[in-house]
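The values are calculated or read from the model by the stated rules, or taken from the named source; none is laboratory data. Since the model is a prediction, treat every value here as computed from it, not as a measurement. Neighbour counts are summed over all protein chains in view; Cβ atoms, including those assigned to glycine, are modelled from backbone coordinates with ideal geometry. Surface areas here come from the heavy atoms of the whole protein model, side chains and all, with no ligands, DNA or RNA. Shrake-Rupley method; radii C 1.70, N 1.55, O 1.52, S 1.80 Å.
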Amino acid sequence: MTTEPSIRTTTPGHVYDRIKAMATTFRLRPGERVNELELARHLGVSRTPVREALNRIAAEGFLVATPNRGYTVRPLDAQQLMALYEYRATVELGVVRLVCARASDRALAELACFVEGSRDEVDTDAQALRLLSRDEAFHEHLAGLAGNPEFLRSVRSLNERIRFPRWIDLKARRSQTRNDHPDIVRALQARDVAAVQALMSQHIDKHLDHIVDLARAGFAEIYMGNALADYAESRFIEASNESVSTTP
């Protein structure tokens, strides 16, 4: 197992967050069997919180549990990515239909302001990472306006499960990246269900056109750098340093 430099992890919640970040960014590599003892040693904790965290993360779809064999990391392949994007399309088309019917004009105006402050800047990895974060925030904000917490829960789960391929897509197509969010918001403000569903469908379908390439590029990133995993780890380092500096 290839892991990042150790940071002291003290609570069950921290253990879960750390391992989940390693799984979502494929710091734990596709198809790799998870060594509980090694992972516990790396995090500086006993095996009990690690086992509890692995069980939760497997239930969320990031690991595969096999009886008497423990856990392996979910695969990264075109078939799985296709399934996730098909599911995402179904969920998000339902979201925008409900938003058209339920969201207030003020809420949509606030969404438009958010989008206006989230212009594309994708010349560097750091800018692409910020864009990825803003893109996830937009879809979660949108789901929140549907007035059904189950949609928001599904969108958050999807954001986590497609975070890595989304990042690979941003890296590969920086010069062609176009922000579709303003058009989606304008259609929502016009309460045009057909138009907004068509726009959302196009927004998602453009990834399906090169799903095999995404999977291949993903493997190259995992074994030759993995900037997304490095970024996630840097956030834990910052949080750990802040915690130490504020401790009396």
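When you check residue 196 against the structure, is it surrounded by 18 or more Cβ atoms within 10 Å (Cβ to Cβ), at pLDDT 90 or above and either outside any helix (DSSP H, G or I) or touching a His at 6+ places or on another chain (Cβ under 7 Å) (or both), yes or no? So residue 196 does not fit the description; no. Pairs linking a residue in segment 10-39 that is more than 25 Å from residue 227 (Cβ to Cβ) and crowded, with 22+ Cβ neighbours inside 10 Å to a residue that is among the polar types (S, T, N, Q) and modelled with pLDDT under 95, with Cβ atoms under 7 Å and 6 or more positions apart or on different chains, do not occur. Quick one: in segment 121-149, which of the residues that are within 23 Å of residue 74 (Cβ to Cβ) and of a type outside the set (Gly, Ala, Ser) is surrounded by the fewest Cβ atoms within 10 Å (Cβ to Cβ)? Among residues in segment 121-149 that are within 23 Å of residue 74 (Cβ to Cβ) and of a type outside the set (Gly, Ala, Ser), the one surrounded by the fewest Cβ atoms within 10 Å (Cβ to Cβ) is 140. Within segment 199-217, the set of residues being open to solvent by 20 Å² or more (accessible area, probe 1.4 Å) and under 20 Å from residue 97 (Cα atoms) comprises 199, 201, 202, 205.
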